[in-house]
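The values are calculated or read from the model by the stated rules, or taken from the named source; none is laboratory data. All of these numbers come straight from a predicted model, not from anything done at the bench. Note that we place each Cβ from the backbone using ideal geometry, even for glycine, and neighbour counts take in every protein chain shown.
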Amino acid sequence: MEIWLTFLVFALSVALVVKSADWLTEGASGIASILGVSEIMIGLTIVSFATTAPEFVFSVSASYLKNPDFAVGNAVGSCLCNVGLVLAFVGIAQVTKIGKGIIFRWAIPLLLFAGLVFALSLDGSISRLDGGLILALFVLFYVLLIFRSKRSSRKKKVLNENLKRMVLLFLVGTAGVVIGSRLLIFTGETIAVYFGVPDMIIGITLMAMGTSLPELVTAITSVYKKMGGLSVGNIIGANLLDLAWVISTAAVVNPLTIDVQTLTFTFPVLLILTVVLIGCLSWKRELNRWKGVTFLLIYIGYLVGLFLKYSVI
């Protein structure tokens with residue numbers, strides 16, 4: 001592909017992602033309003049499943065092709081980027097209130113799943129049995145949440161036509177964000193190579209952050225529309241899915257070997273960042289500027305440490 005055409009596709013991809021994110025958030029907000037549930041809950045469920053689709057496809061495909069480094073690194077790296085970059089942006093941009101139930105029902109289980117995945121990887125691998133165990137616990141977790149939600153929900157009259165329109169808007173927006181994000185990553189990498197940017201820098205930036213782009217675009221749009229709760233729920237739900245759904249399914253497809261760098265550096269940083277996340281969200285039950293800056297500084301420290309490790313190597 002000629003460079004001028006690459007720039008054109010890049011520009012069109014930006015436009016596609018921006019408009020699609022607008023549809024995604026509008027559809028999600030409409031669904032929340034019609035069903036009478038909070039924006040955070042919508043973010044925790046349908047939006048997080050939609051925005052983690054790239055990680056799921058990428059990691060499971062990498063596992064099938066027997067490339068465990070990509071399968072694990074993609075999911076874990078995305079978790080770090082989601083909190084350290086995306087949620088940091090939301091916190092810096094606006095103050096978002098957090099419900100107590102969100103912390104106990106979602107954020108703490110996120111830490112438990114992160115600890116479980118780390119514990120099972122201490123022997124240097126996540127076996128099919130390990131993956132099956134994580135996946136079974138994840139399914140049980142969601143079944144219990146759905147059952148609890150049904151028991152506590154009130155009967156509401158739903159305007160079927162309006163709901164269908166919002167669901168269609170959400171699905172079209174999701175597809176546009178995912179496809180546009182893939183095109184942005186591809187064209188961005190091509191442009192970087194054309195201008196002689198080193199492979200390591202491309203890997204740490206474009207590829208490491210690439211699969212988190214749907215979450216980032218959704219966050220930017222939700223902040224613009226004063227819907228920060230949607231992004232908070234999306235990030236917590238997306239990280240839970242990355243650890244409990246993406247990695248477990250990849251391990252079931254093929255056992256995953258965990259490299260030393262991931263085991264001794266990336267996983268511990270993820271656990272620390274998750275603990276900090278829970279602590280920050282519990283404090284006054286809100287996400288604000290100084291908490292966002294804290295997430296960002298931890299993520300920058302991780303990238304610097306990663307850069308230094310690779311430089312030494």
Within the bounds of segment 113-120, is there any residue that is touching a strand residue (DSSP E or B) at 6+ places or on another chain (Cβ under 8 Å) and under 21 Å from L273 (Cβ atoms)?
yes
Every residue in segment 157-189 that is assigned to a helix (DSSP H, G or I), surrounded by fewer than 17 Cβ atoms within 10 Å (Cβ to Cβ) and modelled with pLDDT under 70, please.
N160, E161
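Do the conditions hold for S125, that is, is it hydroxyl-bearing (S, T, Y), free of Cβ contacts under 8 Å to residues at least 12 places away in the same chain and surrounded by fewer than 24 Cβ atoms within 10 Å (Cβ to Cβ)?
Details: hydroxyl-bearing (S, T, Y): yes; free of Cβ contacts under 8 Å to residues at least 12 places away in the same chain: no; surrounded by fewer than 24 Cβ atoms within 10 Å (Cβ to Cβ): yes.
Considered against the rule, which asks whether it is hydroxyl-bearing (S, T, Y), free of Cβ contacts under 8 Å to residues at least 12 places away in the same chain and surrounded by fewer than 24 Cβ atoms within 10 Å (Cβ to Cβ), S125 comes out as no.
Which members of segment 290-313 meet the condition of being surrounded by fewer than 15 Cβ atoms within 10 Å (Cβ to Cβ) and either among the small types (G, A, S) or modelled with pLDDT of 95 or more (or both)?
We begin by selecting, within segment 290-313, every residue surrounded by fewer than 15 Cβ atoms within 10 Å (Cβ to Cβ); these are 290, 293, 297, 300-301, 304-305, 307-313.
If the condition is that a residue be surrounded by fewer than 15 Cβ atoms within 10 Å (Cβ to Cβ) and either among the small types (G, A, S) or modelled with pLDDT of 95 or more (or both), then W290, V293, L297, G301, G305, S311 are the ones that fit.
Taking helices (runs of 4 or more DSSP H) that fall entirely within segment 1-65, which contain at least 2 residues that are over 21 Å from the mean Cα position of the chain (by Cα) and either β-branched (V, I, T) or buried (at least 19 other Cβ atoms within 10 Å of the Cβ) (or both)? Walk me through it before giving the result.
Values: elements: 3-35, 39-42, 48-51, 53-64.
Once the helices (runs of 4 or more DSSP H) in segment 1-65 are filtered for at least 2 residues that are over 21 Å from the mean Cα position of the chain (by Cα) and either β-branched (V, I, T) or buried (at least 19 other Cβ atoms within 10 Å of the Cβ) (or both), what remains is 3-35.
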Any hit, segment 270-284, residues being hydroxyl-bearing (S, T, Y) and touching a Phe, Trp or Tyr at 6+ places or on another chain (Cβ under 9 Å)
no
